[in-house]
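J.: What follows is a structure written as structure tokens; I'll ask about it next.
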Amino acid sequence: MTITIYGIKSCSTIKKTVTKLDELGVDYTFHDYKKQGIDKANVQRWVDKLGVDKVLNKRGTTWRKLSDEQKQAADAAVNTAIDLLVENTSMIKRPLVEGVHNKQPILLCGFDAETFDNAFS
């Protein structure tokens, strides 16, 4: 399995991630949510491993545009939150980086240069 960056091409955080992985000499593929979508199984796996609070970006405009009822439903039930993430991929925190590097599983959510240095060194 190779490293996959999940995100949106125009996102500045994705651009930082790509630059960092290039600097570290890491091979990766890019999965663009806007063009390719995302399936529920991937989102479920990420939420299971990282928690919904880590994967769901409540700071973005997409979350803020949801109705109060949608927000309350997502807060009340993880499955509802997962369905919203699949329907509104802009609410998935970026980047989400997953794969295997040096025989070690990698699953990172969000960009932190030091974390990337440690994970890929």
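J.: How about the stretch 43-53: which of its residues are closer than 17 Å to T80 by Cβ and either open to solvent by 20 Å² or more (accessible area, probe 1.4 Å) or modelled with pLDDT under 95 (or both)?
T.: Within the stretch 43-53, the subset closer than 17 Å to T80 by Cβ is 43-44, 46-48, 51-53.
Answer for the stretch 43-53, where residues must be closer than 17 Å to T80 by Cβ and either open to solvent by 20 Å² or more (accessible area, probe 1.4 Å) or modelled with pLDDT under 95 (or both): Q44, D48, G51, V52, D53.
J.: Quick check on the stretch 81-88. Is at least one of its residues within 21 Å of C11 (Cβ to Cβ), within 17 Å of the chain's Cα centre (by Cα), among the acidic types (D, E) and open to solvent by 40 Å² or more (accessible area, probe 1.4 Å)?
T.: Checking the stretch 81-88: at least one residue is within 21 Å of C11 (Cβ to Cβ), within 17 Å of the chain's Cα centre (by Cα), among the acidic types (D, E) and open to solvent by 40 Å² or more (accessible area, probe 1.4 Å).
J.: Okay, moving on. Given the conditions (1) more than 16 Å from F120 (Cβ to Cβ); (2) surrounded by fewer than 17 Cβ atoms within 10 Å (Cβ to Cβ); (3) in contact with a Leu (Cβ under 9 Å, 6 or more places away or on another chain); (4) not small (G, A, S), report the number of the one that D39 does not fulfil.
T.: Only one criterion in (1) more than 16 Å from F120 (Cβ to Cβ); (2) surrounded by fewer than 17 Cβ atoms within 10 Å (Cβ to Cβ); (3) in contact with a Leu (Cβ under 9 Å, 6 or more places away or on another chain); (4) not small (G, A, S) is unmet by D39, namely (3).
J.: Now for a different question. What residue, among those in the stretch 55-67 that are closer than 15 Å to G7 by Cα and assigned to a helix (DSSP H, G or I), is most open to solvent (accessible area, probe 1.4 Å)? Walk me through how you get there before you give the answer.
T.: First, the residues of the stretch 55-67 that are closer than 15 Å to G7 by Cα: 55-57, 60, 62.
Okay, now just the ones that are also assigned to a helix (DSSP H, G or I), so 55, 62.
Working: V55: 0, T62: 40 Å².
Among those that are closer than 15 Å to G7 by Cα and assigned to a helix (DSSP H, G or I), it is T62.
J.: Can you pull out the residues in the stretch 1-29 that are closer than 12 Å to D117 by Cα and open to solvent by 80 Å² or more (accessible area, probe 1.4 Å)?
T.: Residues satisfying the conditions are D22, E23.
J.: I would also like to ask the following. Would it be correct to say that D32 is open to solvent by 20 Å² or more (accessible area, probe 1.4 Å), of a type in the set (D, E) and without any contact (Cβ under 8 Å) to a residue 60 or more places away in the chain? Lay out the reasoning, then the answer.
T.: Numbers: open to solvent by 20 Å² or more (accessible area, probe 1.4 Å): no; of a type in the set (D, E): yes; without any contact (Cβ under 8 Å) to a residue 60 or more places away in the chain: yes.
When the stated conditions are applied, D32 does not pass them.
J.: Could you check how many residues of the stretch 5-34 are of a type in the set (A, V, I, L, M), farther than 12 Å from L96 by Cα and not in a helix (DSSP H, G or I)?
T.: So the answer is 2.
J.: Looking at the stretch 46-103 only, could you name the residues that are under 23 Å from Y28 (Cα atoms), touching a residue at least 24 places away in the same chain (Cβ under 8 Å) and among the polar types (S, T, N, Q)?
T.: Residues satisfying the conditions are T89, S90.
The values are calculated or read from the model by the stated rules, or taken from the named source; none is laboratory data. Predicted, not measured: the structure shown is a model, and the values here were computed from it. All Cβ positions, glycine included, derive from the backbone under ideal geometry; neighbour counts span all protein chains shown. Heavy atoms of the whole protein, side chains included, go into the accessibility calculation; ligands, DNA and RNA do not. Shrake-Rupley method; radii C 1.70, N 1.55, O 1.52, S 1.80 Å.
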